[in-house]
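Comments concern the structure below.
The values are calculated or read from the model by the stated rules, or taken from the named source; none is laboratory data. Note that this is a predicted model, so its numbers are computed, not measured. Cβ atoms come from the backbone with ideal geometry, glycine included; neighbour counts cover every protein chain shown. Quick note on the areas: whole protein, heavy atoms, side chains included, nothing else; ligands and nucleic acids left out. Shrake-Rupley method; radii C 1.70, N 1.55, O 1.52, S 1.80 Å.
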Amino acid sequence: MFNSSGYIFRETFNSMRRNPWLSLASVITVMVSLVILGYSIFFLANTANMAKSFESELEIGAFVQMSYTPEEVQDLKSQIEQMPGVESVSLVTKEQALEDFGKTIGGTQSSIVADVGGTNPFPDKLTVKVTDPQNVKTLAQSLETNPGLYKVRYGQEFVDQLLKFTQWLRWIGFGVVAAFGAAAVVLISINVKINVFSRRKEIQIMKLVGASNGFIRWPFLIEGLALGLVGGTLAAIIVGVGYNWITVYVQSTLTFLPVVQNQVLFRQVTLGLLLAGMAMGAIGSVFSLQKFLRA
Amino acid sequence: MIQLTNVSKIYSNGARALVDVNLKIGKGNFVFLVGPSGAGKSTLIKLLYREEIPTRGQVQINSRNLVRMKEREVPYLRRSIGVIFQDFKLLPNKTVFENVAFALEVIGVPKREVRSRTLATIDLVGLKAKEKAYPHELSGGEQQRVCVARAIINNPALLVADEPTGNLDPDTAWDIMDLLYEINKRGTTVVMATHARAIVNKMQKRVIAIENGRVARDEEQGGYGYDV
């Protein structure tokens, strides 16, 4: 096999030179599918991130019975803190609520209390943060049964819809990646088939004079690898530069949107595109050849 | 050297190409396969270099069983068999030298050896002056010589030819036959399917006639036998 390496590389190069348009088509197919794949991955990462950041802002507001003393409120607070799925509980006492309200409308505490009939109208409020947004609903329902609380708010419909929406975003993201990944593999294997077909006479003679299947495969394999690598490199450049540009643009115009800027993910995706291109080319070549080499 | 035992070949479309054929061809023989088109000559040739496998029966070459042979052993069988075609099957974008050298390169022969053996074989078939020419620059006879050179460069024990003179004018055909005769004299067994009556009658070699997939006649020093 070492004696033949010269032949194999010469053939690979010759083939690309003989069929420049076919090679170009292969490279472009790999590139386009991998660009889409790359953006899909970033899209997926961003939707996941967006869903997570919306979800993490979800919290439960629980209002304590007016009759509770400050000690009882503290007991209730620590009791809720012990519940499974609770990350933290913060307390806004009725006095604080009154003070905040006074600040916003510009009156003094005593004047407000007098205005509303002599007693502080605000309840003590516990703000509950949950460890997993998926648990907001069940936790809120169990809080509702607590006798110390007379009202529990968690924006039930908003939570349900947001969770549904983020779930959908995830599925759509996965679907886009899967569909384009499959399309890329099919397109590449078609390209390689055309390539093999255009050299069927050569393959026929190689088989006739006793070249081993492994030997016949090598130039196609290397050609597939090379074309895939070129396509993957172009895709990595386009995806990398394009994503940076989009990130900068989004951050300067739509500042409220959280954009993933994970250098590790970035490197993994670009390197992954290179490897995926090579793998696609090589696997496509081998699969397409398999049928020709039998019989 | 070649032994066919109760060989039948039925193609997947139901065509019965060969029916219960028994044949023995000895080492160094020169054998003509004759018979009408579609009688099964080409199928028999293809069985010899294992392009096809018989539906029933056994094919043996040098005591190697071609039916039981594993797929990965086939390349090594082919290295001991040269094949010549009516349509030459040369690679159009390679020169004469490259076409012949191809047969050595693809089985991993070292480069220096490729060069010397290729030049010697091209010389043997009388194409020394055309070494750098491309197939389209050659006459039919010259192209067939390239095909012969490619077939014999590995010193095969067996040379099979499927109508090698079918595309050539009579004079050129005789040049090719002289070449095959020379190769046979050097010890290579030659099996040739042909319609060339004059050649078969003149050469006085063994003639096997195939009709409707069966051996209809098998004569030492026979003639073509089909009257116009």
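A few remarks follow.
- Rg/Rh, computed from the Cα trace of the protein assembly as shown with Rh as the Kirkwood radius, has the value 1.35.
- Taking a ≥ b ≥ c as the square roots of the eigenvalues of the Cα gyration tensor, segment B:99-157 is classed as prolate, since a/c reaches at least 1.5 and a/b is larger than b/c.
- Measuring spread by the Cα atoms of chain B yields a radius of gyration and Dmax of 17.4, 52 Å.
- Here the simple spin-label model places points 7 Å from the Cα toward Cβ, and for A:Ile246 and B:Asn155 these points are separated by 6.6 nm.
- Summed buried accessible area for B+A [probe radius 1.4 Å, Å², rounded to 100]: 1900
- Global geometry of segment B:1-125, whether rounded, prolate or oblate, following the gyration tensor of its Cα atoms and the 1.5 cut on a/c: prolate
- Fraction of C-alpha pairs exceeding 12 angstrom in segment B:134-173: 61 percent, rounded to a whole number.
- Accessible area of A:Glu202 in the full protein assembly, 1.4 Å probe (Å², nearest 10): 10
- Taking only Cα atoms of segment A:184-241, radius of gyration then Dmax in Å: 14.5, 50
- Average partner coverage of A:208-219, which counts Cβ from other chains inside 10 Å: 6
- The Cα trace of segment B:121-207 gives Rg and Dmax of 12.7, 38 Å, the first to one decimal, the second as a whole number.
- Ligands, DNA and RNA are left out, and with a 1.4 angstrom probe the accessible area of the protein assembly as shown is 50 Å² per residue.
- Surface composition of the protein assembly as shown: carbon plus sulfur atoms contribute 57% of the solvent-accessible area (1.4 Å probe, protein chains only, all chains present).
- Chain B: antiparallel DSSP beta bridges as a percent of all, rounded to 5: 50
- Residue-averaged 222 nm ellipticity for the protein assembly as shown, from DSSP H runs of 4+ at -39500 (n - 2.57), nearest 500: -18500 deg cm²/dmol
- Amide H to amide H distances under 5 Å link A:Lys151 with A:Phe63, where only residues 5 or more positions off or on other chains count and H is placed in the peptide plane.
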